[in-house]
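J.: What follows is a single structure, and I will ask about it in a moment.
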Amino acid sequence: MPAERLQKIIAAAGVASRRKSEDLIAAGRVLVNGQVVTELGTKADPEQDHIRVDGKLLHGPERYSYVVLNKPKGYVTTVSDEKKRPTVMDLIHNAKGQKVKGRVYPVGRLDWASEGLLLMTNDGTLANALMKASSNVPKTYVVKVAGQPDEAKLDKLRRGVSIAEKGGRRVRTAPAKIRLIREGDNPWLEVTIIEGRNRQVRKMFEEVGHHVEKIRRVQYGPLALDVPPGDWRNLTLLEVANLKTAASGQRVAPPPSPRIALRAPKALHPTRPSRAQSSRGTKTRAPQGNRH
């Protein structure tokens, strides 16, 4: 097997991310054939050389794991959090107490208040490919906004709007697909974008004067949300293959649309019928929203 950079070998074995692996090397915590190595450009052959990290011998590349998680509100999408908030890593346990095989990492982010589909894997090549803007992998969200945006505002969002990124630089979003899925004073909309900028959907609606109250990702490329909040499952071999195809920029058939279980709107207090109407047996029906 050809020699590879030491940090790549350590990351592939699941010890740490590539950047953390570089820190381990620089700190003198890595030995190759009994010799401490601190030079980041050092290469080794994982099949021929004995590589130890903190005294533990590496046993070859880690087997790849691919997991889809339904992230609830109140968790941050990081491996650890300096503020000691719950992270998505705390959710990688199912009801039986089983763990995901391998050291997986989130692909992209959902902010603390956002919910829905989150892909996690230790396949760094796939993760990087999916997060590249050139992959154009579609992501679909259901969004509840404050107030009723008119068609002119929705058309503006469909064409693309200018939003501020970290540091104040403004960028124009790519065209989006938007459709109404439940009417109301605070309606629900389905939004599909092909980018993954930080808090993008929230910023898009703020630009047209509407605050996003709730947001849930229900599709990511060929994947559809199909597990309960806080739960996860392993991807099938076909799903992994489809993800890799989508990450390469090729078109993949979208998944069947998931059943979007929107939270029931607060009950309205109907006007009490008059005594005359009651005597005639007239019934007052509460308005019913569309089911989706």
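The values are calculated or read from the model by the stated rules, or taken from the named source; none is laboratory data. Because the structure is a prediction, the values reported are computed rather than measured. Quick reminder, even Gly has a Cβ in these numbers, built from the backbone with ideal geometry, and neighbours come from all protein chains shown.
J.: Identify, from the list LYS203, LYS214, LYS244, the residue that is charged (D, E, K, R), under 28 Å from VAL68 (Cβ atoms), surrounded by 14 or more Cβ atoms within 10 Å (Cβ to Cβ) and at pLDDT below 95.
T.: After ruling out the rest, the residue left standing is LYS244.
J.: Condition first: in contact (Cβ under 8 Å) with a residue 24 or more places away in the chain and over 23 Å from GLY124 (Cα atoms). Now tell me which residues in the stretch 56-86 satisfy that.
T.: Scanning the stretch 56-86 gives PRO72, LYS73, GLY74, ARG85.
J.: Among the strands (runs of 3 or more DSSP E) contained in the stretch 101-196, which hold 1 or more residues that are under 25 Å from LEU223 (Cα atoms) and under 22 Å from the mean Cα position of the chain (by Cα)? It would help to see each step written out before you state the result.
T.: Values: elements: 115-121, 139-145, 162-164, 170-172, 177-182, 188-193.
Counting at least 1 such residues, we get 115-121, 139-145, 177-182, 188-193.
J.: Moving on to the next point. Against the condition of a type in the set (Ser, Thr, Tyr), surrounded by 11 or more Cβ atoms within 10 Å (Cβ to Cβ) and over 23 Å from the mean Cα position of the chain (by Cα), how does THR87 come out, does it pass?
T.: No, not satisfied.
J.: To continue, here is another question. Given the conditions (1) within 23 Å of ALA133 (Cβ to Cβ); (2) touching a strand residue (DSSP E or B) at 6+ places or on another chain (Cβ under 8 Å); (3) at pLDDT below 85, report the number of the one that ALA253 does not fulfil.
T.: (2)
J.: Oh, and also: With the requirement that a residue be farther than 19 Å from ALA247 by Cα and not hydroxyl-bearing (Ser, Thr, Tyr), what does the stretch 111-126 give you?
T.: The first filter runs over the stretch 111-126 and keeps only residues farther than 19 Å from ALA247 by Cα, leaving 111-116.
Within the stretch 111-126, ASP111, TRP112, ALA113, GLU115, GLY116 qualify.
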